[in-house]
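*Asks:* Got a structure for you, written out below as structure tokens; questions coming shortly.
Coordinate-derived values only; no laboratory data. From a predicted model like this one, the values you see are computed outputs, not experimental measurements. Cβ coordinates were reconstructed from backbone atoms using ideal geometry, including for glycine residues, and neighbour counts include every protein chain displayed.
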Amino acid sequence: MADLSIDFCGIKSPNPFWLASAPPTDKAYNVVRAFDAGWGGVVWKTLGEDPPAVNVSSRYSAHYGKNREVIGFNNIELITDRSLEINLREITAVKQAWPDRAMIVSLMLPCEEAPWAAILPLVEATGADGIELNFGCPHGMPERGMGAAVGQVPDYVRMVTAWCKKHTRLPVIVKLTPNITDVRAPARAALAGGADAVSLINTINSITHLDLDNMVAFPAVGNASTHGGYCGAAVKPIALNMVAEIARDPATAGLPISGIGGIGNWRDAAEFIALGAGSVQVCTAAMLHGFRIVEEMKDGLARWMDGKGYANIAAFSRKAVPNTTDWKYLDMNFQTIAHIDQDKCIACGKCFVACEDTSHQAIGRSVLENGARRYEVLRDACVGCNLCEITCPVDTCITMVPQETGKPTMNWTQDPRNPHAETRPLLTVVGAAAAVETA
């Protein structure tokens with residue numbers, strides 16, 4: 001069986017699955033249940049100065065799919081509303097009882113060195129394995145000059161990170177906000193401040209839906225609401241992109257990353273790891289389905305790794321990073337054409353409608369002698385956009401088939417149709433993040 005254990009910037013864990021800093025890690029009772037279920041580590045819910053934060057009611061809302069499936073989850077909850085003393089005491093006890101599990105403590109304090117200098121020795125005394133700096137919370141705390149208010153300013157990220165490295169020997173993980181134009185800037189700042197790793201993404205500013213009778217958004221607090229932090233399956237594509245951006249940025253290429261955002265099964269975790277994550281953090285899926293989901297996550301990941309011949313996490317970590325590049329370096333001469341498997345086709349017509357109305361009119365419709373409908377791809381019109389494949393309700397009924405064009409690999413920087421094409425010959429490095437000029 002594959003070895004799932006990891007060493008993340010010096011923090012050892014029996015598997016890469018950690019619970020993120022959130023309600024599931026708010027107290028010892030929850031964390032012990034999580035460790036009993038098999039989680040490899042936790043990031044304890046964010047601690048701050050006393051007196052503790054005060055939360056409102058209600059706190060959560062959701063964006064639903066069919067059959068009330070929760071696609072996205074929104075919250076306006078703040079950091080811990082329990083005293084610092086109680087949290088530190090419980091962290092100490094849990095770490096002593098579970099020495100093999102990763103215990104990271106999330107922290108959020110004002111942008112002044114003194115509070116950080118005061119709290120860090122207290123956290124270190126608990127036996128915790130590391131700290132995570134919460135520079136991402138998008139609601140409530142930014143209004144007080146913390147959370148995303150720090151994470152959106154690279155100079156603040158660097159400054160506070162440097163303070164923490166000065167006042168603790170523990171590994172420092174900087175949690176980044178996605179509510180920013182370019183996530184690479186704060187990642188570079190964290191590294192410049194001495195960060196041992198970054199974690200991302202924190203939640204995204206959001207309003208999920210409204211009560212149209214009372215004209216107030218959810219979650220409603222009396223007759224008003226506010227934007228909250230969006231998480232869950234819906235944010236996974238955004239999180240994967242931001243993780244990849246940091247992993248392939250030459251300035252931060254070697255920086256360890258803890259991936260967060262919409263992870264709900266082993267496949268999600270494998271994708272994050274392949275794009276640069278060394279550990280993965282889960283919150284929403286655990287809140288919706290309970291701690292036992294980690295059993296399937298571990299088993300599924302191990303079985304997939306065995307099938308692929310990956311002996312450990314490091315064997316496929318960052319393996320997809322070299323194949324993730326800028327648009328301008330993609331092969332302009334590569335071509336695929338859709339193919340419909342008539343044995344699987346249920347003649348629903350969804351592909352035809354989508355292509356006819358909104359794409360390239362590349363699917364033909366005919367009626368057979370028995371009255372049945374038949375749909376076929378018009379090869380000369382198909383541009384390989386994938387829309388038909390996406391709209392088809394039958395798995396693998398429509399596939400995209402690569403075509404032999406007889407043309408050499410050519411990216412946009414070399415394309416004669418590009419008015420700014422390079423005048424000198426370029427060599428495209430297959431699977432690399434850039435094209436390299438020949439001498």
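*Asks:* From the square roots a ≥ b ≥ c of the eigenvalues of the alpha-carbon gyration tensor of segment 200-286, which class results: rounded (a/c under 1.5), prolate (a/b over b/c), or oblate?
*Replies:* Since a/c reaches 1.5 and a/b is larger than b/c, the shape of segment 200-286 is classed as prolate.
*Asks:* Right, here's the next one. Under a plain spin-label model, where a point goes 7 Å from the Cα along Cα-to-Cβ, how far apart in nm are MET1 and LEU288?
*Replies:* According to this spin-label approximation, the distance is 2.7 nm.
*Asks:* Over the Cα atoms, compute the radius of gyration (one decimal) and Dmax (the largest Cα-Cα distance, rounded to a whole number) for segment 336-402, in Å.
*Replies:* Taking only Cα atoms of segment 336-402, I get Rg and Dmax of 10.9, 33 Å.
*Asks:* Given R₀ = 45 Å, what would the calculated FRET efficiency be for GLU69 paired with ASP155, taking r from the Cβ atoms and rounding to 0.05?
*Replies:* So the FRET efficiency works out to roughly 0.60.
*Asks:* Before anything else, pin down the relative contact order of segment 306-435: Cα pairs under 8 Å, at least 6 apart, normalised by residue count, whole percent.
*Replies:* Once normalised by length, the contact order is 35 percent.
*Asks:* Between GLN361, GLN152, ALA253, whose Cα lies farthest towards the positive end of the dipole of the chain when Lys and Arg beta carbons carry +1 and Asp and Glu beta carbons carry -1, centred on the Cα centre?
*Replies:* It is ALA253.
*Asks:* Okay, next question. If you stretched the chain out fully between THR226 and THR405, how much longer would it get, using 0.36 nm times the residue separation minus the C-alpha to C-alpha distance?
*Replies:* 59.1 nm
*Asks:* Now, a different point. In the neighborhood of THR399, defined by Cβ-to-Cβ distances under 12 Å, what is the net charge if each Lys or Arg adds +1 and each Asp or Glu adds -1?
*Replies:* Neighbour charge sum, excluding THR399 itself: -2.
*Asks:* Could you work out the relative contact order of segment 6-321, using alpha carbon pairs under 8 angstrom and six or more residues apart, expressed as a whole percent?
*Replies:* 18 percent.
*Asks:* Related question: Between HIS167 and ASN370, how many nm apart are label points set 7 Å from Cα along the C-beta direction?
*Replies:* 7.7 nm
*Asks:* Checking the a/c ratio against 1.5 first, then a/b against b/c, what shape does the Cα gyration tensor give for segment 59-152?
*Replies:* Verdict is oblate for segment 59-152.
*Asks:* About the Cα centre of segment 53-158, what is the dipole size in debye to 20, counting +1 per Lys and Arg Cβ and -1 per Asp and Glu Cβ, all else neutral?
*Replies:* For segment 53-158, the charge dipole is close to 420 debye.
*Asks:* Suppose we keep just the DSSP beta bridges with both residues in the chain; what percent of those would be antiparallel, to 5?
*Replies:* Looking only at bridges with both residues in the chain, the antiparallel portion is about 50 percent.
*Asks:* What does the highest-first list of 77-83, 206-212 look like by mean Cβ count within 10 Å?
*Replies:* 77-83, 206-212
*Asks:* Place a point 7 Å from the Cα of ARG144 along the Cα-to-Cβ direction; which residues of segment 57-98 have their backbone N under 15 Å from it?
*Replies:* 76-85
*Asks:* Could I ask something else about it? By the gyration tensor of its Cα atoms, with a ≥ b ≥ c the square roots of the eigenvalues, what is the shape of segment 6-321: rounded for a/c under 1.5, prolate for a/b over b/c, or oblate?
*Replies:* Rounded.
*Asks:* Please give the contour-minus-distance gain from ALA93 to HIS209: 0.36 nm per residue of separation, less the Cα-Cα distance, rounded to one decimal in nm.
*Replies:* 37.6 nm
*Asks:* Binned at 5 Å from 0, what are the whole-percent values of the Cα-Cα distance distribution for segment 110-163, short to long?
*Replies:* 5, 19, 27, 23, 17, 8, 1
*Asks:* Between ALA114 and SER57, what length comes free when the chain is fully extended (0.36 nm per residue of separation minus the Cα-Cα distance, one decimal in nm)?
*Replies:* 17.3 nm
*Asks:* Relative contact order of segment 336-402: what whole-number percent is it, with Cα pairs under 8 angstrom and at least 6 residues apart?
*Replies:* About 47 percent, as a whole number.
*Asks:* Can you compute the label reach from TRP327? Point 7 Å from Cα along the Cβ direction, backbone N cut-off under 17 Å, restricted to segment 181-205.
*Replies:* It comes to 182, nothing else.
*Asks:* Additional query: When the C-alpha atoms of segment 250-369 are aligned to their principal axes, what extent does each axis show, in angstrom, from largest down?
*Replies:* The Cα atoms of segment 250-369 stretch 58, 39, 29 Å along their principal axes.
*Asks:* Here is a follow-up. If each residue's Cβ is checked for other Cβ atoms within 10 Å, how do ARG318, ARG101 rank with the fewest at the top?
*Replies:* Listed from fewest to most nearby Cβ atoms, that is ARG318, ARG101.
*Asks:* Using the 10 angstrom Cβ neighbour count as an exposure proxy, how do ILE363, ILE180 rank, fewest first?
*Replies:* Ascending number of Cβ neighbours within 10 Å: ILE180, ILE363.
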